[in-house]
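The values are calculated or read from the model by the stated rules, or taken from the named source; none is laboratory data. The structure presented is a predicted model; accordingly, all values stated were derived computationally and were not measured. Methodologically, a virtual Cβ is constructed for each residue, glycine included, from the backbone with ideal geometry; neighbour enumeration extends over all protein chains shown.
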Amino acid sequence: MTLHIGDNYGALLQCYALRHTLNSFPNVKAEIINFDPGREFPVYDVKEIQEKYKWKLKKFNEFNRRYNGVSGESFRDIHLEEALGYDYYITGSDQVWNTSFAFANEAYFLNFVPEGAKKIAYAPSIGIPASSPGIKREWFQRNIPLFDSLSLREMTHESFLKEFTDKKVYSVVDPTLLLTGKDYDELCRDESYPEKEYLVLYFLKHDNSAALLIEFANMVSRKFNLQVLYSFAEVPDILFKNHSETFYYADPKEFVQLIRHAKAVITNSFHGTIFSLKYHIPFFTYIVKSMSSRVTDLLKSVKMEDRIVNGYKKLSDDMLRVDFTEADRFLERKRLESIAYLKSALDLE
């Protein structure tokens, strides 16, 4: 159970990574429960953009079908008869336990699972402070004690979960970090990318920081003579000073390929940051208040807090020279620990 329906690159790629990892284990067959929590998609006034956006959604659906094994129509209600037949149920990753979302659903706490099957939490994120009025404590109170194995992506919420259980809560990485660079190379090997050197500006609409990111992208673009590839559907031609174009309609494979070959990444996205780390691409991450914990926890753990941008940032000649040695060492250790957690939860060792 995860947030696999939508047009978010991180959502589909974390789904791909966890299923791929599970299916690499001996005697394991992992499937995605095709549950739709009722996510709403944008509607554009410009007909041409709306048609292109429908084409984008088709590409995302095709990715789910081909690479995530999702088949058939999605459904909004889970009943017991649909849950039968599985030995283990996993919820996560992404913000499946963020109960403040408009599409939050108690099904992500595996409240439909029949007796006898094991419940596992892999890297769910709560996303908001435990003191927030958006926290539905009753969902946690009802469901957390029934889990056989518990883990979190951000351990800032460990003490909150411990209010409802005596079980150990493990720290694990986001599923996208379970796979190696070679795994993603294989996924996107047939995708093209621009020949001219470029930077990727990947903005998610979490806040109103778009102007800051655009200004910084223009500064970096001019200093290092880089084309700008941006994630907006449409912008005025005068917004970017160097040659620019959108990748808004790219699918998840194309997105990975663009990050992989970029000279720099400027983003406010958690997964934009992760794939920059994965491919050793110099990156600058703008912090979004509502989602700060997952980015700051990650970058503190790899000792790369200097890549965090909170406002204006001064340019320097060496700003695209980044040492990823410490990050590689830490993430490989956490990757192996996370795989060990999954194997233990699945009774494989």
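Quick notes
- Test: residue in region 251-269 that is of a type in the set (F, W, Y) and either surrounded by fewer than 20 Cβ atoms within 10 Å (Cβ to Cβ) or part of a strand (DSSP E or B) (or both): no
- In region 119-169, the residues that are in contact (Cβ under 8 Å) with a residue 40 or more places away in the chain and small (G, A, S): A123, S125, G127, S149, S151
- Residue within region 238-260 that is at pLDDT 90 or above, touching a strand residue (DSSP E or B) at 6+ places or on another chain (Cβ under 7 Å), within 19 Å of L277 (Cβ to Cβ) and not aromatic (F, W, Y) present: yes
- Options Y9, Y67: the member that is among the hydroxyl-bearing types (S, T, Y) and farther than 27 Å from G134 by Cβ: Y67
- Residue-level analysis places N242 among those that are part of a loop (DSSP other than H, G, I, E, B) and more than 24 Å from R65 (Cα to Cα).
- Per-region count, region 31-62, residues touching a strand residue (DSSP E or B) at 6+ places or on another chain (Cβ under 9 Å) and touching a residue at least 60 places away in the same chain (Cβ under 8 Å): 1
- Region 309-319 - residue that is part of a loop (DSSP other than H, G, I, E, B) and under 24 Å from the mean Cα position of the chain (by Cα) and, of those, nearest to S276 (Cα to Cα): N310
- Cβ pairs under 7 Å, 6+ apart, first in region 305-329 and in the same structural domain as H261 (by TED's automatic domain parsing) and under 15 Å from V265 (Cα atoms), second surrounded by fewer than 11 Cβ atoms within 10 Å (Cβ to Cβ) and modelled with pLDDT of 95 or more: none
- Within the set F41, F25, F103, F63, the sole residue that is crowded, with 18+ Cβ neighbours inside 10 Å, within 24 Å of T176 (Cβ to Cβ) and either within 20 Å of the chain's Cα centre (by Cα) or assigned by TED's automatic domain parsing to the domain that holds E158 (or both) turns out to be F63.
- Members of region 86-135 found to be touching a Gly at 6+ places or on another chain (Cβ under 8 Å) and at positive phi, listed by number: D94, A123
- Whether a residue is assigned to a loop (DSSP other than H, G, I, E, B) and among the hydrophobic types (A, V, I, L, M, F, W, C) was assessed, and V200 does not pass this test.
- Region 123-155, residues that are of a type in the set (S, T, Y) and surrounded by fewer than 15 Cβ atoms within 10 Å (Cβ to Cβ): S131, S132
- You will find that of E62, E31, E40, the residue that is over 30 Å from T246 (Cβ atoms) and among the charged types (D, E, K, R) is E31 and no other.
- Qualifying residue in region 272-288 (condition: part of a helix (DSSP H, G or I), buried (at least 18 other Cβ atoms within 10 Å of the Cβ) and aromatic (F, W, Y)): yes
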